[in-house]
């Protein structure tokens, strides 16, 4: 198992070929003046198998990061 911090609240957990991202955010610039897209945030290391959003506040939910994700 590998656990990797993606920055802000984001976490990536990978085990046995499955990759889960939690609260994956790519762009905080709408929230913070002067923040550049991607600044201080790491992208997941590959295509996520699943994503978990803990709640719908903008600093934990990024529509662009989840645009291609399947919905269960």
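The values are calculated or read from the model by the stated rules, or taken from the named source; none is laboratory data. Note that this is a predicted model, so its numbers are computed, not measured. Ideal geometry is used to build each Cβ from the backbone, glycine not excepted, and the neighbour counts take in all protein chains shown.
Would a scan of segment 37-46 turn up a residue that is in contact with a helix residue (DSSP H, G or I) (Cβ under 9 Å, 6 or more places away or on another chain) and either surrounded by fewer than 16 Cβ atoms within 10 Å (Cβ to Cβ) or modelled with pLDDT under 80 (or both)? Walk me through it before giving the result.
Residues of segment 37-46 in contact with a helix residue (DSSP H, G or I) (Cβ under 9 Å, 6 or more places away or on another chain): 43-44.
Filter once more, so that each one left must be either surrounded by fewer than 16 Cβ atoms within 10 Å (Cβ to Cβ) or modelled with pLDDT under 80 (or both): 43-44.
The answer is yes; a qualifying residue exists.
For residues in segment 47-68 being out of contact with any helix residue (DSSP H, G or I) (no Cβ under 7 Å at 6 or more places or on another chain) and surrounded by 16 or more Cβ atoms within 10 Å (Cβ to Cβ), which is farthest from residue 27 (Cα to Cα)? Before the answer, list the steps.
To start, the set of residues in segment 47-68 that are out of contact with any helix residue (DSSP H, G or I) (no Cβ under 7 Å at 6 or more places or on another chain) comprises 47-50, 52-68.
Imposing the further condition that a residue be surrounded by 16 or more Cβ atoms within 10 Å (Cβ to Cβ) reduces the set to 48, 53, 60-62, 65-66.
Details: 48: 18, 53: 15, 60: 10, 61: 10, 62: 7, 65: 8, 66: 12 Å.
So, considering only residues that are out of contact with any helix residue (DSSP H, G or I) (no Cβ under 7 Å at 6 or more places or on another chain) and surrounded by 16 or more Cβ atoms within 10 Å (Cβ to Cβ), the one farthest from residue 27 (Cα to Cα) is 48.
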